[in-house]
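Read the structure below first, then the notes.
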Amino acid sequence: MRGRNAVALVVLLCAISSENLRAAPVLYTVTDLAALPADTDTYYYDINNSGQVVGTAAAGGYPHAFLYSNGVTQDLGTFGGTASCAYAVNDSGQVVGFALLSTGAEHPFLYTGGGQLVYPQ
């Protein structure tokens, strides 16, 4: 009798588990970020709860940090150097990363949505 109870318990647990899987709501959507040129080398590093995406992209040149938000990809620029990279975006839309100075030195940045990178002192 013990074996039958174990089998019945396993069948019951499987039925409960499969019912829970079917009832699970979809918690995400898939978005094609095709706003970048097809020949772009692109790396995506972070996404926030609003769907904003950050990373770096280079189309035949030096990589630049970008922010994808509401269907628009924005090049975040540099500090006068040739390259930049965005690594993280928080739920307030603030972006952090690094950018090259005109001297070639690497420096961190904070982008707060005001149109230009902030050079933290």
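The residues of the stretch 78-108 that are within 21 Å of Gly51 (Cα to Cα) and in contact (Cβ under 8 Å) with a residue 24 or more places away in the chain, listed by number, are Cys85, Ala86, Tyr87, Ala88, Val89, Asn90, Asp91, Gly93, Val95, Gly97. Of everything in the stretch 94-111 that is more than 15 Å from Asp46 (Cβ to Cβ) and in contact with a Leu (Cβ under 9 Å, 6 or more places away or on another chain), the residue that is surrounded by the fewest Cβ atoms within 10 Å (Cβ to Cβ) is Glu106. Scanning the stretch 44-75 for residues that are at pLDDT 90 or above, more than 26 Å from Tyr28 (Cα to Cα) and in a strand (DSSP E or B) returns a single hit, His64.
Going through (1) without any contact (Cβ under 8 Å) to a residue 24 or more places away in the chain; (2) assigned to a strand (DSSP E or B); (3) of a type in the set (Asp, Glu) one by one, Asp32 falls short only on (2).
The values are calculated or read from the model by the stated rules, or taken from the named source; none is laboratory data. Keep in mind the model is a prediction, meaning the values are calculated, not measured. Ideal geometry is used to build each Cβ from the backbone, glycine not excepted, and the neighbour counts take in all protein chains shown.
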